[in-house]
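Read the structure below first, then the notes.
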Amino acid sequence: MTTFFFYGTLRHRPMLELLSGGTGTAQGQEAVLPGHRVLRSTEGDLPILVQDPGAQTKGTVWTLPLDAQERLDAYELPFGYTRRTVTVRAGDQDVPAEAYFPPSSLEAGAEDWSFEGWLRHSLPLPMRRAAEIAAHEPPLVGDSLQEQGPMIDHRAAASLRATGTPTAWRHRASPDDFALRRVRPPSGQFFRFEALEVDHRRFNGERSEALPREVMVGADAALVLPYDPARDRVLLVEQFRPGPARRGDPQPWVLEPVAGLVDAGETPEEAARREAREEASLELTELVPMFAGYASPGNATDHFYAYLALCNLPDDHATSGGLEAEHEDLRLHLVPFDEAMALIETGESNAMPLISMLLWLHRWRAGRG
């Protein structure tokens, strides 16, 4: 058994249950750690434990089995945290306990971190993140957890954006109209593939039960079609795509809009501006929302936010883009609008998002005339 002192997000018992594998019959006890305080990270709502001789830090003490320690170590240590023995005051007793100290790379601000504030404002994202980590089999440890962390955050943030859309024509679902059951652990290093059993209400009032389905759990993406109204041309991105290659397409280089994943903590519009800068060397000032929706709802969670970017596209604009750190190899094309539309007819434009965005632009452009 190991006694822990939790001063940050693991004070929230549901979070602790997920990441430790369960607390069983154990009960937490309020405690304080003298000579320390918890500050808010400059990078977000993260707790940073620092030494302060005149302060004391509130937290909880738990005594948990060895396998809980192994799980918690696997969660904390890959990100540079270190586990150290401290002496806390629980009731009227001094208790030795293990606490996780943050890496020096995390910068503390001047503001105290608030557990209650975190519960009110920041809880949903880390809870969904913890739920995916807890569901992984075998457990994510070491470098694997660190490598997959960003995509886990992407998926958690995407699930929070799934707030529903109007139902003027569609069936208006209630929570008991459908249910999903995972039948085996998710797989995949970047995207995740989940095998599910699906129950759902049928239109005749009966119910389909235990339907086997597989879903690719991806992330939300922002798509941008740069358009220069004065020169009447668009910027298109060309890159190699493994999907067409795997299908057997002998021409797997694809023309697409500027696109990229929406990071946790940013809005789709912020992601659109960032991706335009990274992929196409464009600093955007005017974004026009086009539409948002699912790319392939039959088998994937991918949800796209599409924007028209009104911008200046001179002849000497960059011809390549992308981030080397992300292994991007992009060629940029400045294409007259009529020629871009003709690519739909010839089939050279074969990515559905680009086709949809060009058709949207065609209607928008005609409405301005």
Open item on the list: To test your reading of the geometry: what angle, between 0 and 90 degrees and rounded to tens, separates the Cα axis of helix 66-76 from the longest principal axis of the chain?
Closed with: 40
Task: GLN146 paired with GLN51, simple spin-label distance in nm, labels 7 Å along Cα-to-beta-carbon - done: 2.5
Open item on the list: Can you give me the accessible area per residue for the range 12-113, using a 1.4 Å probe, in Å²?
Closed with: 52
Task: Check: the chain dipole with +1 on Lys, Arg Cβ and -1 on Asp, Glu Cβ, in debye - done: 1180
Task: Average accessible area per residue (Å²) across the range 230-369 - probe 1.4 Å, nucleic acids and ligands excluded - done: 56
Open item on the list: Probe radius 1.4 Å, ligands and nucleic acids left out: which of GLU275, GLU214, GLU116 has the largest accessible area, and how do the rest follow?
Closed with: GLU214, GLU116, GLU275
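In the range 121-206, what GluC sites (Glu not before Pro) fall in a loop by DSSP, with at most 14 other Cβ atoms inside 10 Å?
Sites meeting the loop and neighbour criteria: GLU206.
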TODO: Kindly express, to the nearest 10 degrees and within the range 0 to 90, the angle between helix 268-280's C-alpha long axis and the longest C-alpha principal axis of the chain.
DONE: 60
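For the range 216-369, compute Rg over Rh where Rg is the Cα radius of gyration and Rh is the Kirkwood radius from the inverse mean 1/r over Cα pairs. Intermediate results must be reported in sequence, preceding the final value.
Values: Rg = 14.8 Å, Rh = 15.8 Å.
Reported Rg/Rh (Cα atoms, Kirkwood Rh): 0.94.
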Open item on the list: If you average 1/r across every pair of different Cα atoms in the range 256-345 and take the reciprocal, what Kirkwood value do you get, in Å?
Closed with: 14.7
Task: Scattering curve values for the range 109-158, log₁₀ I(q)/I(0), Debye with Cα scatterers, q = 0.18, 0.24, 0.27 Å⁻¹ - done: -0.67, -0.90, -0.98
Task: Rounded to 10°, Cα long-axis angle of helix 337-346 versus longest principal axis of the chain - done: 90
TODO: Return the loop-located GluC sites (Glu not before Pro) in the range 308-369 (DSSP other than H, G, I, E, B) with at most 15 other Cβ atoms within 10 Å of their own Cβ; answer none if there are none.
DONE: GLU328, GLU348
Open item on the list: Considering only protein heavy atoms and a probe of 1.4 Å, how much of the accessible area of the chain is carbon and sulfur, as a whole percent?
Closed with: 52
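Excluding ARG83 itself, what net charge comes from residues whose Cβ is under 10 Å from its Cβ, given Lys and Arg +1 and Asp and Glu -1? Mind dumping the intermediate values first?
On the way: positive: ARG84; negative: ASP73, GLU76, GLU98.
Around ARG83, the surrounding residues sum to -2.
Specify the longest stretch of the chain that does not include any exposed loop site, a site being one of the chymotrypsin sites (Phe, Trp or Tyr not before Pro) with a non-H, G, I, E, B DSSP assignment and at most 14 other Cβ atoms within 10 Å.
The reported range is 1-168.
Can you give the helix-only mean residue ellipticity at 222 nm for the chain, where every DSSP H stretch with n ≥ 4 adds -39500 (n - 2.57) and the sum goes over all residues, rounded to the nearest 500 deg cm²/dmol?
Working: 9 runs with 104 residues, N = 369.
Helix-only estimate at 222 nm: -8500 deg cm²/dmol.
The values are calculated or read from the model by the stated rules, or taken from the named source; none is laboratory data. Everything numeric in this text was worked out from a predicted model, so none of it was measured. FYI the Cβ positions are ideal-geometry reconstructions off the backbone, even for glycines, and counts take in every protein chain you see. We work out accessible area using only protein heavy atoms, side chains counted, and drop any ligands, DNA or RNA first. Shrake-Rupley method; radii C 1.70, N 1.55, O 1.52, S 1.80 Å.
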